[in-house]
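Here is the structure we will look at, set down as structure tokens.
A short reminder: the numbers here are calculations on the coordinates, not readings from a lab. These numbers were taken from a predicted model, which means no experiment stands behind them. Cβ sites come from the backbone with ideal geometry, for glycine too, and all protein chains shown count toward neighbours.
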Amino acid sequence: GRGAFGAVYLGLNLDSGELIAVKQVEVAMGGAGSAGSSGKLPAAVASRLREVEGEVALLRRLQHPSIVRYIGAETDEARGVLSIFLEYVPGG
């Protein structure tokens with residue numbers, strides 16, 4: 001599915017064979033996502049990064065049977081995409 005901040009895909013953990021959800025969030029908005037000559041990110045990109053970092057930090061701390069389990073995260077700097085790996089919940 002697709003949401004306000006990205007898309008969610010079905011993935012496969014090659015180590016365990018378990019199905020996982022992969023939430024991909026674009027953290028750089030096209031060419032506007034790169035740091036300028038000052039080395040600073042544009043305000044909109046910096047704000048989006050703070051929101052995503054907050055979500056990942058929260059997911060790391062939460063552990064409850066009714067909350068989707070956080071598995072890990074990975075950044076693809078070349079594509080400007082953060083992938084968040086989560087427990088797959090069918091129909092959820």
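Multiplying the sequence separation of residue 76 and residue 46 by 0.36 nm and subtracting their Cα-Cα distance, what value in nm do you get?
9.1 nm
Nearest 0.05, what FRET efficiency do residue 8 and residue 66 give at R0 = 25 Å with Cβ-Cβ as r?
0.85
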